[in-house]
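What follows is calculated from the coordinates using simple rules that are stated; it is not laboratory data. Bear in mind the structure is a predicted one, so any value in this text is a computation, not a measurement. With ideal geometry, Cβ positions are generated from the backbone for all residues, glycine too; neighbour counts draw on all protein chains shown.
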Amino acid sequence: MEPISGVPAIVAMVAKVLGLFTILMLVVAYATLAERRISAWIQDRSGPNRVGPFGLLQPIADGIKNFLKEETLPATANRLFFVLAPMITITPALVVFAVIPVAAPLATPWGVVDMIVADVPIGILYVLALSSLGVYGLVLGGWASNNKYAFLGGLRASAQMVSYEVALGLSLIPVLMLVGNVTLTEMVWQQQQMGIWFALPLSLAFILFLISAFAESNRLPFDMPEAESELVTGYHTEYSSMKFSQYMIAEFGHMVTASALMATLFLGGWDLPGTWDNAFWHEGQLIRGFAEDGSVLMADAAWWKTLVTFGAFGVKTLFFLLVYIWVRWTLPRFRYDQVMALGWKVMLPTGLGYAMLMAVTILSLDTVGMTYGFTYGLVLTGVSGLATLAFLFFIDRGHTIAGAAALNRQRAHAARHARGDNPAGDGQVVLPSAVGD
Amino acid sequence: MITQALILSAILFALGTFGVLVRRNAIIMFLCIELQLNAVNVAFVAFSRLVGIEGQVFVFFVMTVAAAEAAVGLAIIISIFRHYETVNVDNFNLLKW
Amino acid sequence: MDLTLTAMLLQGGQEAAAHTGAGFMPFYPGLILLLPLAGFLLNGWLALKHAGRAARVTRVGGTYDLDGGGRPATHTLPTWIGPGVMGLAFVLTLVNFVGMLGAGLHDPVVIHYWTWMATGTFTVDAAIQLDQLSMVMMMVVTGVGFLIHLFSVGYMKDDPGYPRYFAYLNLFVFFMLVLVMGASYPLMFVGWEGVGLCSYLLIGFWFTDREKSDAGKKAFIVNRIGDVGFLLAIFVLYRTFGTLDFAPIMGGAADTLVYGGGLVTLVTLFFLLAAAGKSAQIPLYVWLPDAMAGPTPVSALIHAATMVTAGVYLVARSSVLFALSPVGSAAVAGIGVLTALFAATIALKQNDIKKVLAYSTVSQLGYMFLGVGVGAYAAGVFHLMTHAFFKALLFLGSGAVIHAMHEAYHATHRHDDPQDMRNMGGLKAYMPITWITMWVATLAISGIWPFAGFFSKDEIIWYTAAFAGAENAPFPGLYTLYWILALAAALMTAFYMTRLMVMTFHGRNRTGEKEAGHLHEAPPIMWVPLAVLAVLSTVGGWINVPEELQASIVGLGGLLPSSEWLHHWLEPITAEAHHIQELQLGELAHSAPFGGGEVAWALISTALALAVVLATSQLLGRREVQSPDADPEPTGFAKVLANKWYVDELYDAAVVKPIQRASRFCWKVIDQGIIDGAVNAVGYLARGFGWFGSLFQTGTVNTYAFVLSLGVLVILGAVFF
Amino acid sequence: MVEIFFYIFAATALGGGLGVVLSKSPVGSLLMMVVSLASLAGVFVLLEAHFLAAIQVIVYAGAIMVLFLFVIMLLNLGHDYQQDLKWGAFSVLSFAVAGGLAGILAREVGGDWQIADGVVPPGGRAIDAAVREHGAVGAIAEPLFTTYVVPFEITGILLLVAIVGALALAKRNVS
């Protein structure tokens, strides 16, 4: 089983890029439909059902509409940035997918093809890097529109994304500690080795990542940059037709990418239970695992395995996509200050604390000599479960994420307290010099 | 390629210097300083090809310092802007005899 | 003063005595120091306590609360404390003296209490040295001091500053004892400065009077000139010996220093400067006559009996050094004899009773200097002692006179000078005890046999003659001149003292009718000390009658006791010096330069002095003394003498005015012009540079960055090309 | 191939840098800076510094530049451009100085390092070995947490100080 090389490798690469792009665009297109259908279902209505059977051609119709609509360009807008912004937004959202392994390696007559566009050595850092660039599109779009709502949207986008990137990175740290590397293939491999997907051993990290991913893709309940009710539609208020469409594609692309990432990081990626599908390049060999004596167990790649694992990956990704849509139409939106408070006062400390807890746990387990495997994962699951319970218990205390009424109550209480503490302080000013007289 | 990278570093550094000299907008001057830092980073990385990983460690520290500097520097610029309603350095020339 | 120090001072001297191996056991010598100090602290506390009331009484009049004896209540405690501590100290000294007398001590007893200062190799212990010299001085200081304290009780009884006065007086005694008991030059210097301070405080005791406080300042400043000499001598000694304790310096001087060498001459001349300042010798004597501004008992104690003799003590203490330096010794003797003659001439024409006595003191101090200058250290100390007796007596007697005059003037509200002898006359009728005792003192100071002064002064004069005729005398002609001058001064002494007595006590009473009724003899507390001192002035000289004289008619054929007792007593101190002297000079002469032995010259001098006294009393007794208003201004040479040779005016013109001008020059030209100018110029320079530099400081960041970059470029270019 | 990529990245970086200096708008400058930074990240990748490339984008482009952008937005400096690039004698002088600097630096640091084409220099070999052993992140993390752990911790303190300082400076009412 040799990795593919030479001209076939280039052909395979091109095929992978084209294939993935096509699939991604299709998923994005139908995700818009799904959102509308599911929201309709949640709200007990029909949703789009006129174009094609069950409205299945609706995305195509939307695409044609967007192509054909008038391009508006505000007179006071900065033309260059106004045009540039949607492009800047859409690019990272799509490019991130390049480092996500989508299926087990495919055996071909010319060699084994990794089902990943680019297995870069920095793996997840690449994802972080590109997702952090995504904010420019939003900010620039908002700014270039020269519209105060759009501008505010852009401003909010930048603040929100910078804030939640921290929590995102922190929630990744336990994963990185457990995996020992940053490449996503290795993350899938380590989950296969453990036998438990990281959603359980690192449950709190999973929750933090989920929340941060919501915030990073500006989805409800974190849609501050758009916020139809306050900012019209935020940074893309002034956009129309294909430029607007680019923003929408970018948003849904973000969702798909984030879903795929969550599937890869916490639900084992393309992994299915059992070791029959395990495959990893270890010192030039495609291996399935290690025997008791440390010798390697060779894997054998097969086209059906690739197909089945790709299906598994798709199901997991679509599940998270469904969660995105489900949450959007279920939860109320945050206020902007609540978003910031959640990010800095809850997510950041929790992420830090959890990273430390996991570090201590992993260090303890390694010290007592427990081998990496199923039991290892069970212990981590227990610890993380307790941490998660504690987190959920504390986050539901009304301290940080409270409604406006609770906040007003707090303020009133504080004011009463201040008055009670200082009975003479009701406006009467006693100057020091007047005391002597 | 190391030589080319070092020359790139030198030119970028000079470019940053030129920017600091001729621009009056404090934020852009700041950006030019960051450009200079980056030029130095390029040189470090290029040298790390010759010497070893220490060059990259240095770059890491440079980036940390740059982050700290940006935070404080921008806070200063914000304070100045609140006072003068401008970030043009020609307007904050009180610090002279 | 902390408790450890007190405890240490209180401990006996047994341990130290054990080291020396002699039989002498010092009896609480620290207590001798401690008692006057305690007196000072107590009286000082009382003075501060009563300062407010005293000030009010002084300012607005009024009276104190009186105690049972009719004295102000504030005076009661100081009356007991002041003389009390002195009496106790004297008793203690006496005990120690008797102990030493019986033990036949040879080496000095040094008692270390604690290390005063230690810097590097330099260490000074707080240590006292008990030997024959310091014992004599202690006896004089505590004994005469006690008598003067007693006298002061009467003399100062109406003064509002009474407690303060006794505080100062006790403090003075403490410092004087430190001076004579200290075992090293630094400790001696502490006492030296301390007595200077007390002298200043007491001269300016009535500090509300500008003239009197000025006199105090004058004394202080003139003394400082001498102190420089002391310090320089200490420096040189430390440089030479590496220590400043007396014992090692005196023991090692003969080996370390070359006879007549520059170093020892330098030291002795510096010491001479110090001694001249403290002991009021030419050219630094000018402060002493002014010091009469203080209360008269103070003049008796400080400016006659004790402090001013510190210079003599210093020379005697450093006898080895002076013996090694013929030039230094000759200078000491020369200064001494010149002062003796010079002061005597001035005393001839003074009308103020205390001024006469002051110049007399200066003159007698000159004799002492002459004595220690010709190597007769025992004779110098002998004269110091007898002088303490009769000069204290004279001052106290004059104090009694002034006291009486003052009270008489006070009673009649007259404002004449109670110290001017021209206002007195005929007082012998009113104060006979004072009259008799003062005549005793006058005869003593004039050198009339058998009073104390005769023996001591005669010994000095004789030693001068003997020294001049020694085998290898360094400057025989000079010493012969000294001898003649000393004789002349002795005759003048007889004259001016007799003049004082005649003008004060004899002739017509010039105080006036009303005032004469208020004149009276001093109270017992005042005349008892006078009587005691009169006895001492009479018999005090008998302790050191030279053998040759004792055997002759002068000694009444051996009837007078203790042949050269003091001489032998001080032998342990002066032996080394005498040894050097004998080695270098050879045998002293046995006859005066112009022939005649010791006995002959003794007879000649006492006869001459007696003749002068008789002649003066006869001549002056017949002449009518005019009251100050009627007295014509003296003319010619007499005017010069009356104006003290215009020395003060000379100093004013030669020293004070030039210094003033120089100071003004330093102030206006050097300080304000050059130094301030330089400082200002630096400032202007810095400003100029700053102005130049500020041209680059546009306040614009870009400019700075440009200059910075240019600098970097230049440096890079310099490095790489 | 690699050489071509390098020249492309280098040209983009230089163009971005020039854009930073010459762009009239602060936002334009900032975007050009991002372009330059991203290109430099590419240069880093070509120099086998993958971790630094990622950090360059995450920290510089993703955080610091966003902060700059945020400040520009906050101060609303975007639309009414002030011509702050003053041409004239000073600019010419500055250009001369910068040019001289570039010349000297390029001449000195860009000298002949005598690395033959296709030969991996010693430092590069060591780094490649470390990457094989520890991974791209581990290769730099290993010295960072052993040899340079004290400086590393100090940078942590520095960042804390910077945060506190920035807060204190930018807060409107400190009371």
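For the reader, a short list of remarks on this structure follows.
- Nearest-ten-degree value, helix A:404-421 long axis tilted from longest Cα axis of chain A: 40 degrees
- Centre separation in Å (Cα based) which lies between the range A:286-329 and the range B:1-29: 48 Å
- Chymotrypsin sites (Phe, Trp or Tyr not before Pro) restricted to DSSP loop in the range C:611-705 with at most 16 other C-beta within 10 Å: C:PHE696
- When exposed loop sites are taken as GluC sites (Glu not before Pro) in a DSSP loop with at most 13 other Cβ atoms within 10 Å, the longest stretch of chain C clear of them is C:1-470.
- Theoretical ellipticity at 222 nm over chain A - DSSP helices of four or more residues, -39500 (n - 2.57) apiece, nearest 500: -21000 deg cm²/dmol
- Residue range of chain A that is longest and free of chymotrypsin sites (Phe, Trp or Tyr not before Pro) which are both DSSP loop and sparsely packed (at most 16 other C-beta within 10 Å): A:111-275
- In chain C, the calculated helix contribution to ellipticity at 222 nm averages -23000 deg cm²/dmol per residue, counting -39,500 (n - 2.57) for every DSSP H run with n ≥ 4.
- Chain C shape via C-alpha gyration tensor axes, a/c threshold 1.5: prolate
- Over 28 Å (Cα to Cα) - which of C:LYS217/C:LYS668; C:LYS278/C:LYS457; A:LYS16/A:LYS305; C:LYS349/C:LYS391; A:LYS65/D:LYS24 fall in this group: A:LYS65/D:LYS24
- Largest GNM mean-square fluctuation among D:PHE95, D:PHE44, D:PHE68, using chain D with Cα springs under 10 Å: D:PHE95.
- Taking all pairs of distinct alpha-carbon atoms in the range B:2-84, Kirkwood radius in angstrom: 13.7 Å
- Seen against the Cα atoms of chain A and their longest principal axis, helix A:148-179 is set at about 50 degrees.
- Across the range C:266-282, rounded Karplus estimates of 3J(HN,Hα) from the backbone phi angles (6.51 cos²θ - 1.76 cosθ + 1.60, θ = phi - 60°) give 4, 4, 5, 5, 4, 4, 4, 4, 4, 5, 5, x, 6, 9, 6, 9, 4 Hz, Gly and Pro being marked x.
- Qualifying chymotrypsin sites (Phe, Trp or Tyr not before Pro) for the range C:144-243 [loop in DSSP, other Cβ within 10 Å: at most 14]: C:PHE207
- Taken about its Cα centre, the protein assembly as shown carries a charge dipole of about 3840 debye when Lys and Arg each add +1 at the Cβ and Asp and Glu each add -1 at the Cβ.
- Separation of the C:ALA678 and C:ILE221 label points, Cα + 7 Å toward Cβ, nm: 2.8 nm
- D:ARG107/D:ILE163 FRET efficiency (R0 35 Å; Cβ-Cβ; nearest 0.05): 0.30
- Integer Hz, Karplus 6.51/-1.76/1.60 couplings in order for the range C:627-637, x for Gly and Pro: 5, x, 5, 8, 5, x, 4, x, 10, x, 5
- Where GluC sites (Glu not before Pro) in DSSP loops with at most 16 other Cβ within 10 Å are excluded, longest remaining stretch of chain A: A:72-282
- Under a 5 Å amide H cut-off, with hydrogens placed 1.01 Å from N, C:GLY182 pairs with C:GLN129 among residues at least 5 apart or on other chains.
- Rounded tilt (10° steps) of A:241-266 against the dominant C-alpha axis of chain A: 70 degrees
- The range A:1-40 residues near the modelled A:THR108 label - backbone nitrogen below 18 Å, point 7 Å along Cα→Cβ: A:1-23
- Scaled against 2.2 N^0.38 Å for its residue count N, the alpha carbon radius of gyration of the protein assembly as shown is 1.62.
- Close amide H partners of A:MET298, meaning residues 5 or more places away or on another chain with modelled amide H under 5 Å apart, are A:ARG288.
- For A:HIS282, the residues 5 or more places off, or on other chains, whose built amide H falls under 5 Å of its own are A:ILE287.
- Annotation note: trypsin sites (Lys or Arg not before Pro) in the range C:508-565 located in DSSP loop regions with a Cβ neighbour count of at most 16 within 10 Å are C:ARG508.
- Of D:VAL109, D:VAL21, D:VAL71, the one that fluctuates the most in a GNM where chain D has Cα springs shorter than 10 Å: D:VAL109
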